[in-house]
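The values are calculated or read from the model by the stated rules, or taken from the named source; none is laboratory data. None of the values given here were measured: they were computed from a predicted structure. With ideal geometry, Cβ positions are generated from the backbone for all residues, glycine too; neighbour counts draw on all protein chains shown. Note: accessible area is taken over every heavy atom of the protein model, side chains too, but ligands, DNA and RNA are not part of it. Shrake-Rupley method; radii C 1.70, N 1.55, O 1.52, S 1.80 Å.
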Amino acid sequence: MIRALTLAQQAAAVGETPIGGIIVRGDVVITSAHNLTESLHDATAHAEMLALRAASKILGTRYLTDCDLYVTLEPCPMCAQAISFSRIRRLIFGAYDPKGGGVEHGPRIYTQPTCHHRPEIIGGVMEHECGQILKDFFAKMR
């Protein structure tokens, strides 16, 4: 999570919402990303989406069944569904997102009967640090 938090700090430094994510297989980092929605003018360029795309390309498969995703914020519904479609083994996230989350909040994607794959979920890892960078970022924007 420390590496994902570093990516979130990099995102904030370039004016992106500070969310970072990494995909690992065993002890090996396959890929890492931070939000690029502003830079790419792409509403889908969330850290999770970018990391999933890159990991699939690197590993040559759409299914990431032996991979874990670390991300600094509870994934939104779009990212939660993409995580399911990618068959990520384990989702580890930092701060909870009561407004925009799709895992423990909002539509709770993995509890839906139409969800075909539910990763193991571990939330609240370094929750304070992951949440604080977001609070600081948005406080500066006001």
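Annotations for the structure displayed:
- Selection status of THR114, polar (S, T, N, Q), part of a loop (DSSP other than H, G, I, E, B) and more than 25 Å from ILE30 (Cβ to Cβ): yes
- Residues in segment 103-134 that are open to solvent by 50 Å² or more (accessible area, probe 1.4 Å) and either more than 19 Å from PRO18 (Cα to Cα) or touching a helix residue (DSSP H, G or I) at 6+ places or on another chain (Cβ under 7 Å) (or both): 14 in all.
- Boolean, PRO98 is open to solvent by 80 Å² or more (accessible area, probe 1.4 Å) and at pLDDT 95 or above: yes
- Looking across segment 39-91 at every residue that is under 19 Å from LEU5 (Cα atoms) and among the charged types (D, E, K, R), the one that is most open to solvent (accessible area, probe 1.4 Å) is identified as ARG90.
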